[in-house]
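These notes are about the structure you will find just below.
What follows draws every value from the coordinates through simple rules; no lab data is involved. Keep in mind the model is a prediction, meaning the values are calculated, not measured. Neighbour counts run over all protein chains shown; Cβ positions are idealised from the backbone, glycine included.
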């Protein structure tokens, strides 16, 4: 019983982590020691492999005990991760009404608000008094995650207003809800994009957000802890896509070697093969290049600077799109801004490069013949100016257009933009070189 | 009065946005229309330029009205953004105790937990009853942002336990706090890194987090809405650093052209100049290259694949470090995992490339002479295998070591890793080419 006491003093998240590191076959034994309610909380925090392992070791009545303690949204999350046979066993332990609700929630696509909401919330009528509202909260608090905001609906479940526990505490016990409810409600639709929905939490400092159907009937709420998970997932996903990785759901150490390989190889293959274009451009200039072989040494610098300039812009724009700071209507403001930034960056880089070529490459490294010095220096520096300008324009416009066309802007980020810019940089470089030198 | 009614129906965030788009000189007039409490909420949501403009138009008594309604953490945030003269004017309107508190909060470095906490929270004693706790909440609710968690402290302000309003609602009114308080408290220190602190909100699904000094005395709390802001800021910062941009605080459209230029040019300059190394490597092989000019066409593909492989790893590791999924002790697990992923990726890429070279470059583009076909194909493909392995190892280890040494891992991301890998890729390529072909 010592273990039981020690564990009961810990936080569910920490217990779950402790159990994950313990021997897998001891898991059911240790788990059975936990008090019922705590056991369910720990269960929610475990990863899906462990949950499955536990469920498989449970008797039907043990399984029912855990399930009865779960909040609706957690239950749906768990069922989503389980193989069909385990999911079926879980559903068998729930009553018909819960089962129907779960199936409805499971039907929402992963990317929409409906998929992260819970159907348990405090529902009150506008004719209730503050005291009656408190009683309603007390009655439902055990089964409800979000109890600090009450939702006022009419008979048709239409959302009329919200009242927070703060307002209830500050009102007289016989005050009518309709006199204190806030009718200016921030809500979202079940099928709204979940990324845009969680941005509302940041914008309006919300604890919960009501989710309504197309007829403004309340169907569920999203709680701030789930909104935070989605924010962090979406940020991680954007970061992964920007780095040419297919997004994964598990954390780094929990993803297997083969899964990691599978998330990384597609873009590497695509980008490797698309680099055939840059290769072909170089090959087609090969004969002329052999006379000016000194120019080749600057290809990596020009392509690198073009790529970096472009990804600075694309990444900034993608993040701003994700956070809802800009959208398609801002495209001209973005272009005008990026153009000015690009011209200043291009001129500064070109000028510094010109001086660097003279001081480092000519005087120290002695890479230039004196005869062509000025022309080669001009060709390289001029290319730099144009490459930076084109890079910043392509990098900023592409993600906005991608989003408008319904593609994922993050996929348009660094690697794809870089590949396009690599080819453009070379074409600009060789054209300027031919113009000036040949 | 029509405008007053219309505005009062809106959310403070939306009113602030509406005002930002209105004419700046009308701002004080419209602002004065708002009811006092709403005016303060709108004020908090405005950007600092507008706040400053408004403060400068306020009389001292108007300023005091707004300031009296502000929560402590919002006031500190506003003062931080103001020029010294305006900050002084604000401080003059507060009483000595508040002023002392503000100065203490202002002294915390921006990167630590103390800088985002508020000093207003519900403080109760363990000898109180549930009813007395509710009275305390009612008395303080107007001036306190975080009222759903009460903090139990002893006479020396040492934190003993927490009680949520949920638990209070579910307890009898004469129950003693000490019988229901949770003594297993998740807390953080004032000087803890704010990024690590906000991760606790995600880990433990918190609404508020108590912040204690080195002697475990409660000094403030962080609320979930501020934690969310920090999470999004930290993610944006990481994304910016990964894309070789110095992080900016304002949103994209609110940042001026020159500020944007200043945040982008340092890394572009640094990376441009450091590309001198790759240029020098190419130059030093120039004489031998002129005989094998066909090899040059593959440089962009090899450098690109190396860069992409490396940034896939570095970006994944940097994000995992930020979220607290891995730390320094995991370095060997990371290396072992990345090595296996890299070997599979390298072999697949090398093999696909070998076939592609034959089908596309030899049969279609006719870039190869038959005599050296096999050797050149082998050289390119073999380089690919080694480049991918080295890229993934460097890309994953560098951020972990950077963090251990106290540098920012995000700065070690794509661009810097890419520059190092560009040079390594070339050296590997030329070494293998010389070995096989010369």
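Quick notes on this structure:
- Between residue B:65 and residue B:365, the simple spin-label model (points 7 angstrom out along Cα→Cβ) gives 7.2 nm.
- Spin-label model, residue A:339 to residue B:273: label points 7 Å out along the Cα-to-beta-carbon direction sit 3.2 nm apart.
- Averaged over the residues of A:237-246, the number of partner chain Cβ atoms lying within 10 Å of the residue Cβ comes to 5.
- For the stretch A:321-393 versus the stretch B:379-411, the spacing of their alpha-carbon centroids is 28 Å.
- Modelled FRET efficiency - R0 56 Å, residue A:435 with residue B:97, Cβ distances, 0.05 increments: 0.15
- Summarising the strand pairing of the stretch A:116-231, around 70 percent of its internal DSSP beta bridges are antiparallel.
- Value at 222 nm in deg cm²/dmol, rounded to 500, when DSSP H runs of n ≥ 4 in the protein assembly as shown each add -39,500 (n - 2.57): -19500 deg cm²/dmol
- Gyration tensor (Cα) of the stretch B:51-205, equivalent ellipsoid semi-axes in angstrom: 33, 20, 13
- Antiparallel bridges, percent of DSSP beta bridges restricted to chain B (to nearest 5): 70
- With semi-axes defined as the square roots of five times the eigenvalues of the C-alpha gyration tensor, the equivalent ellipsoid of the stretch A:148-263 measures 39, 15, 11 Å, largest first.
- Inter-chain shielding of B:265-275 (mean C-beta neighbours from other protein chains, 10 Å cut-off): 6
- Taken as Cα centroids, the stretch A:220-249 and the stretch B:259-313 sit 33 Å apart, rounded to the nearest whole angstrom.
- Cβ-Cβ FRET estimate between residue B:4 and residue A:404, R0 fixed at 30 Å, reported to 0.05: 0.20
- Cβ-to-Cβ counts within 10 Å put A:285, A:258 in ascending order as A:258, A:285, the fewest first.
- Two-decimal log10 I(q)/I(0) for the stretch A:252-437, as the Debye equation yields it once each C-alpha is a single scatterer, q = 0.11 Å⁻¹: -0.58
- Taking all Cα pairs closer than 8 Å and separated by 6 or more residues, the relative contact order of the stretch B:116-225 comes to 31 percent.
- Placing a label point 7 Å from the Cα of residue A:23 along the Cα-to-Cβ direction, the residues of the stretch A:41-60 whose backbone N falls under 20 Å from that point are A:50-51, A:53-58.
- Ordering A:430-437, A:389-396 by mean Cβ neighbour count within 10 Å, with the highest value first, yields A:389-396, A:430-437.
- Label spacing, shortest first and in nm, from residue A:364 to its equivalents in the remaining copies (7 angstrom along Cα→Cβ): 4.4
- Taking the fewest neighbouring Cβ atoms within 10 Å as the starting point, the ordered list for A:21, A:196, B:132 is A:21, A:196, B:132.
- Across the identical copies, the label point of residue B:204 (7 Å from Cα in the Cβ direction) is separated from its matches by 2.9 nm, in order from shortest.
- Cα centroid separation, the stretch B:40-60 to the stretch B:138-215 (Å): 32
- Distance between modelled label sites at residue A:132 and residue B:104, nm, 7 Å Cα→Cβ extension: 4.6
- Extension gain (nm, one decimal) between residue B:82 and residue B:258, 0.36 nm per residue minus Cα-Cα: 61.3 nm
- Debye-sum result for the stretch B:249-309 in log10 I(q)/I(0), which assumes one identical scatterer on each alpha carbon, at q = 0.27, 0.30 Å⁻¹: -1.11, -1.17
- Radius, Kirkwood style, for the protein assembly as shown when every pair of distinct Cα atoms is counted (Å): 30.3
- Mean separation of Cα contacts under 8 Å (6+ apart) over length of chain A, as relative contact order %: 12
- In plain terms, the bigger the Kirkwood radius, the slower the diffusion; for chain B, with that radius from Cα pairs, at 20 °C and 1.002 mPa s, Stokes-Einstein puts D at 81 µm²/s.
- Counting DSSP beta bridges with both ends in the protein assembly as shown, the antiparallel % (nearest 5): 70
- Estimated D of the stretch A:2-107 in µm² per second, where Rh is the Kirkwood radius over Cα pairs and Stokes-Einstein applies at 37 °C, 0.692 mPa s: 234
- Counting Cβ atoms of other protein chains within 10 Å of each residue's Cβ and taking the mean over peptide B:338-348 gives 4.
- Annotation: the residues B:36, B:403, sorted from fewest to most other C-beta atoms within 10 Å of their own C-beta, follow the order B:36, B:403.
- Pairwise Cα distances in the stretch B:250-352 exceed 22 Å for 59 percent of all pairs.
- In this structure, residue B:47 and residue B:179 have a Cβ-Cβ separation that, at R0 = 35 Å, corresponds to a calculated FRET efficiency of about 0.15.
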